[in-house]
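Have a look at the structure below before the remarks.
The values are calculated or read from the model by the stated rules, or taken from the named source; none is laboratory data. No experiment lies behind these values; they were computed from the predicted model shown. Note that we place each Cβ from the backbone using ideal geometry, even for glycine, and neighbour counts take in every protein chain shown.
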Amino acid sequence: MIRIAAVGDVHVDRDVLGRFRPALEELPDRADALLVAGDLTRHGTVEEARCFATEFGGLAVPVVAVLGNHDHQSDQQARVSDVLTDSGITVLEGDATVLEIRGHRLGVAGVKGFGGGFAGACASNFGEREMKDFVGTTEVIAERLTAALLSVQVDALVALTHYAPVPETLIGEPLEIYPFLGCYQLGRAIDAAPTALALHGHAHHGSERGRTPGGVPVRNVAHPVIKQAYNVYQLLSSEVDLETLPA
Amino acid sequence: MGTQVDEYLEAEVQQLLTDGRIAELGITVQRRENVLVLGGEVESVQRRDEICRQITTHFPEVEIACDIGITRAQAPSEVEEIS
């Protein structure tokens, strides 16, 4: 059994310091790892990244994150990642990490993702250079997610993105902005691997639960959606943990 | 009597909310007669107050009703089993 805590869109700045910490301090009793689905900061500044590291770093469980669109706002995303990495937080963008938990291997593959929309109402890689750049960016990121998911051999595989891979978890948002909230290419990437769970944020007015066309459970963990410090998901429920076996 | 609240004004307010300082893309703005009703959730009381202050500063004639909440941050009491 593995328990994963997850939240996104916490938008930390100085005014948020201390709000999450009491609940985060309880994590070792509730989950084996914390995944954060982007928009860690408000404007993507180094100072805000330090605030996030103060609030979400130094926990007794591993913390794995992807960046979101807010974390790119100041064009300092590389420095933001460095601050987080220096504080012990694993930041994924087109790669994967493996956590050993009670004899089980948990794989987490992550990308920020991008927009584009979903089947029947999506942007095409056609026409003006700007449009081809937009959809081309989406396609490249989705390919990187596929490669990252397929790069690890694990017992449970989780896809971590900021943008949504399915439209079901956007229900509650205006239909007109779906193409700015996610894209089907991320869902296709998730379905190309033996993914057990897909987590995303970004859609503050969206819905909590959905599934990819291939049947992978999708959860929107944006903080305004889950309305608590984090959600906890249990994987490998029927698996026997090594540490519980008799000596 | 407040300024006429039309869809151009609504768009300007939305633009203000996404400007660098506020950076809140998740706030809803509804026109109700001559009142703008603000909804959604933010991470702190300071952010909610700043949103109202900025709108009042930029559009002093506009009457606003603020229903913006602060997202709760307590630990969860349940675990969801994924299957």
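Structure summary
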read-out: Residues of region A:163-218 satisfying the condition of being within 14 Å of another protein chain (Cβ to nearest Cβ) and basic (Lys, Arg); value: A:Arg209, A:Arg211
read-out: Selected residue [farther than 22 Å from A:Asp39 by Cβ and surrounded by 14 or more Cβ atoms within 10 Å (Cβ to Cβ)] from B:Leu25, B:Leu16, B:Leu36; value: B:Leu36
read-out: Filter result for A:Ser124 (of a type in the set (Ser, Thr, Tyr) and under 26 Å from A:Val98 (Cβ atoms)); value: no
read-out: Identity of the residue in region A:130-160, assigned to a helix (DSSP H, G or I) and charged (D, E, K, R), that ends up surrounded by the most Cβ atoms within 10 Å (Cβ to Cβ); value: A:Arg144
read-out: Scope region A:24-52; condition crowded, with 24+ Cβ neighbours inside 10 Å and either more than 9 Å from chain B (Cβ to nearest Cβ) or touching a Pro at 6+ places or on another chain (Cβ under 8 Å) (or both); matching residues; value: A:Leu35, A:Val36, A:Ala37, A:Gly38, A:Asp39, A:Leu40, A:Thr41, A:Glu48, A:Ala49, A:Phe52
read-out: Matching residues in region B:39-63 - criterion: being crowded, with 18+ Cβ neighbours inside 10 Å and among the β-branched types (Val, Ile, Thr); value: B:Val42, B:Ile51, B:Ile55, B:Val62
read-out: Residue in region A:220-231 that is more than 13 Å from chain B (Cβ to nearest Cβ) and either modelled with pLDDT of 95 or more or farther than 24 Å from A:Phe56 by Cα (or both) present; value: no
read-out: Matching residues in region A:99-120 - criterion: being touching a Gly at 6+ places or on another chain (Cβ under 9 Å) and either farther than 29 Å from A:Phe180 by Cβ or surrounded by fewer than 24 Cβ atoms within 10 Å (Cβ to Cβ) (or both); value: A:Leu99, A:Phe114, A:Gly115, A:Gly117, A:Phe118
read-out: Filter result (in contact with a His (Cβ under 8 Å, 6 or more places away or on another chain) and more than 13 Å from A:Ser74 (Cα to Cα)) within region A:28-39; value: A:Ala37, A:Gly38
read-out: Residues (over 14 Å from B:Thr71 (Cα atoms) and either touching a residue at least 60 places away in the same chain (Cβ under 8 Å) or of a type in the set (Asp, Glu) (or both)) located in region A:1-21; value: A:Met1, A:Ile2, A:Arg3, A:Ile4, A:Ala5, A:Ala6, A:Asp13
read-out: Residue, surrounded by the fewest Cβ atoms within 10 Å (Cβ to Cβ), within region A:9-23, restricted to residues that are part of a helix (DSSP H, G or I) and within 7 Å of another protein chain (Cβ to nearest Cβ); value: A:Asp15
read-out: Residue in region A:67-84 that is of a type in the set (Ser, Thr, Tyr) and within 11 Å of chain B (Cβ to nearest Cβ) present; value: yes
read-out: Residue match in region B:74-83 (condition: more than 7 Å from every other protein chain (Cβ to nearest Cβ) and surrounded by 13 or more Cβ atoms within 10 Å (Cβ to Cβ)); value: no
